[in-house]
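Reading through the structure tokens given below for one structure.
A short reminder: the numbers here are calculations on the coordinates, not readings from a lab. Keep in mind it's a predicted model, so treat the numbers as computed, not measured. Counting neighbours? That spans all protein chains shown, and the Cβs are built from the backbone with ideal geometry, glycine included.
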């Protein structure tokens, strides 16, 4: 294999943990923080948009977004993310991770700011402008998510790569805990530009990944020079070996070739289907937490609070769920992924997610009674814990290590895009079937399809 033949890659695999590795983790982690913030803060923003732009004077209840508008506002970024994952995944294998990574961050910064500056002479005008910029924000997020995971997977040494990829994604869970309640919707959206801008500066200071430079770009001297500087050691370029590897027909098969199908066809089928099934449940649960909390009575009805107070209550509940389940779940993965293995963690996560979802859905009326609400919240939190101590971590990790370096970004993008397809389908199904707060409880009760991922 190539990693056994090239000294520069052997040195990278055998290197002890050092500042370079921590820098890669921080950069990737900040990016995933931005991704999660930008995608999930919309659940709070929609509450404010409904109250501001769809309020009817004299109505007994606060204004809410019509189902088709809510579907557009919530779903357009996911559509952009799906397209971005496919496009930037392919482009990352052609141009290199570093260049394309920078493009995605610039797009995220510009689109975040523009989303907060959405304008229009009517409610429809504001929403249309917001949806336009949210699509491009999602487009950038799609590229970043693929390249960020790939960069960590290609940089860190073999002894530590599994344990480092997981903490980078663990920051994504913390993103949903940011206290957005005291900010208006425009500031909430524009805030996402700050970590993305900071990430851009530090990422541009890092070299291209050695595996891409040596194996894909075939620049042995550049790869050796970059890693010599990073690892503080002298490395030989080995241009002859790079030429030999690149001309070996066994290492030159394409994505749509029989050889790829033979070697990695089942791998790609596995990564796409598991990600698709996971996101059906995971994204619908995240985007509609506010409705679940209201349906079981954990949060007061909207009519009993002003807009800012309602957003504060929702943010507080989401923070509690994140701190008690989402974040710990990721760190359990960090600690145990090399002990239990990726397959075992993924299978265990799917199993327990299904168990707890059935336990919530079947005796649903029991959980809506006031004495049982705390039990509902605990079991609901456990579904997030086992999502992150399970498939929500492993679906990112596996594509970043199982495919060949020259096709890794593309295959990772295809896998992630399959996940977003599941998220889009489920989110739009729920949103287009929604008809205001009065039907939230019935809709949640009749939603056993969230157990599909098993």
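Descending by average beta-carbon neighbour count within 10 Å, the peptides 258-266, 190-198 line up as 190-198, 258-266, the highest first. As a proxy for reagent exposure, ranking 121, 257, 325 by other Cβ atoms within 10 Å from fewest up yields 121, 257, 325. Rounded to 0.05, the FRET efficiency of the residue 263 and residue 194 pair, given R0 = 60 Å and the Cβ-Cβ distance, is 0.90. Stretching residue 225 away from residue 132 to a fully extended chain increases their span by 29.2 nm, per 0.36 nm per residue minus the current alpha-carbon distance. Shape class for the stretch 274-322, computed from the alpha carbon gyration tensor (a ≥ b ≥ c): prolate, with a/c not under 1.5 and a/b above b/c. Rounded, prolate or oblate: which one fits the stretch 305-374, using the alpha carbon gyration tensor with axes a ≥ b ≥ c (rounded when a/c is under 1.5, else prolate when a/b beats b/c, else oblate)? Oblate is the answer for the stretch 305-374, as a/c is 1.5 or above yet b/c matches or exceeds a/b. The overall shape of the stretch 343-401, judged from the alpha-carbon gyration tensor, is prolate: a/c is not under 1.5, and a/b is greater than b/c.
The separation of the stretch 106-136 from the stretch 368-401, counted between C-alpha centres, amounts to 32 Å.
Counting neighbouring beta carbons within 10 Å and listing from fewest to most, the residues 56, 76 come out as 56, 76. With neighbour counts taken as other beta-carbon atoms within 10 Å, the residues 95, 233, 108 rank, fewest first, as 233, 95, 108. Protection proxy ranking for 58-64, 329-335, using the average of other Cβ atoms within 10 Å per residue and placing the highest first: 329-335, 58-64.
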